[in-house]
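**Q** Please find one structure pasted underneath; my questions will follow.
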Amino acid sequence: MALVESNTFEIGTQAPDFNLLDTVSGKHRRLNELKGEKGTVIMFICNHCPYVKHVNAGLVQVANDYQDKGIAFIAISSNDTSTHPQDGPEHMKQVAADLNYPFPYLFDEDQSIARAYDAACTPDIYLFDDDLKAVYHGQLDDSRPGNDIPVTGNDLRNAMDHLLNGETHLEDQKPSIGCSIKWKTDHSN
């Protein structure tokens, strides 16, 4: 399993729009209908990645802690389901139910949204302000499978606290690290 770091995503960049299948409701959902009043977290995750499995409970806890503060959370899976069928919509719906995801879990079948965000790994986490301009792109925290550091969500929590306090410029943004997005072979990376 090769580790991949998230790519640089320019702070201030407008969040690319999307209209993706919500695997839980079975409906297509647009970014503008899902965005939060004060901010929006977009997370590229998947079902099979050990790095996502490691932080799943933390993602749920962070979302539960901040949604009432006006920050929406959106999870997107973009993996190629021909090579990783466990990341397909029916399995996504089951994982969302099993883990009580308090956020929509969207399927990016053609991988165009992962490309629009220049997402590279799972998890890959972005925070946007109320105008959907990027204020943070980085890791959840320092915890990784096997490093014995507890999952706290501190890096993302710090970014959201800054946003909620009107302080959007964060100096220290560590890239996320995880499994690579499983790209379809008919596209170049």
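**Q** Asn158 to Ala116: FRET efficiency via 1/(1 + (r/R0)^6), r the Cβ-Cβ distance, R0 45 Å, to the nearest 0.05? Don't skip to the end; give the middle numbers.
**A** Numbers: r = 26 Å, r/R0 = 0.58.
Taking R0 as 45 Å, the efficiency between Asn158 and Ala116 is 0.95.
**Q** Let me ask something additional. Tell me, Glu171, Glu33 in order of fewest to most beta-carbon neighbours within 10 Å?
**A** Final ranking by Cβ density, sparse to dense: Glu171, Glu33.
**Q** Using alpha carbons only, how many angstrom separate the centre of segment 159-182 from the centre of segment 44-81?
**A** Spelled out, the Cα-based centre of one part sits 14 Å from the other.
**Q** Each label point is 7 Å from the Cα along the Cα-to-Cβ direction; what then is the distance between the points at Asn100 and Arg30, in nm?
**A** About 3.3 nm separates the two model spin labels.
**Q** Rounded to the nearest 20 Debye, what is the dipole magnitude of the chain about its Cα centre when Lys and Arg each give +1 and Asp and Glu each give -1 at the C-beta?
**A** The calculated dipole for the chain is roughly 380 debye.
**Q** Further, regarding this structure: Which ordering of Ser25, Ser78, Ser180 is given by a fewest-first count of other beta-carbon atoms within 10 Å?
**A** Ranked by crowding around the Cβ, least crowded first: Ser25, Ser180, Ser78.
**Q** Using Cβ contacts closer than 10 Å as the measure, can you line up Lys53, Lys133, Lys27 from fewest to most? Walk me through the numbers on the way to the answer.
**A** Details: Lys53 16, Lys133 13, Lys27 9.
Result, fewest neighbours first: Lys27, Lys133, Lys53.
**Q** Once label points are set 7 Å from the Cα along Cα→Cβ at both His169 and Ser82, what is their separation, rounded to one decimal in nm?
**A** So the two model labels end up 4.7 nm from each other.
**Q** Which value at 222 nm does the chain reach when only helices count, each DSSP H run of 4 or more adding -39,500 (n - 2.57), with the total divided by all residues and rounded to the nearest 500 deg cm²/dmol?
**A** Taking each H run of at least 4 residues, the total per residue is -7500 deg cm²/dmol.
**Q** Express the relative contact order of the chain as a whole percentage, based on alpha carbon pairs under 8 Å and six or more residues apart in sequence.
**A** 32 percent
**Q** Also, I was wondering about something else. Which are the unpartnered cysteines of the chain, meaning those with no other cysteine Cβ under 4.7 Å from their Cβ?
**A** Singleton cysteines: Cys46, Cys121.
**Q** Something else now. Do the alpha carbons of any pairs in Lys133/Lys174; Lys133/Lys184; Lys27/Lys182; Lys27/Lys174 sit beyond 26 Å of each other, and which pairs?
**A** Lys133/Lys184; Lys27/Lys174
Every read-out reported here was derived from the displayed coordinates using simple, explicitly stated rules and does not represent laboratory data. It should be emphasised that the depicted structure is a prediction, and the values quoted were computed from it without experimental measurement. Because the Cβ atoms are built from the backbone with ideal geometry, glycine has one as well, and the counts that use them run over all protein chains shown.
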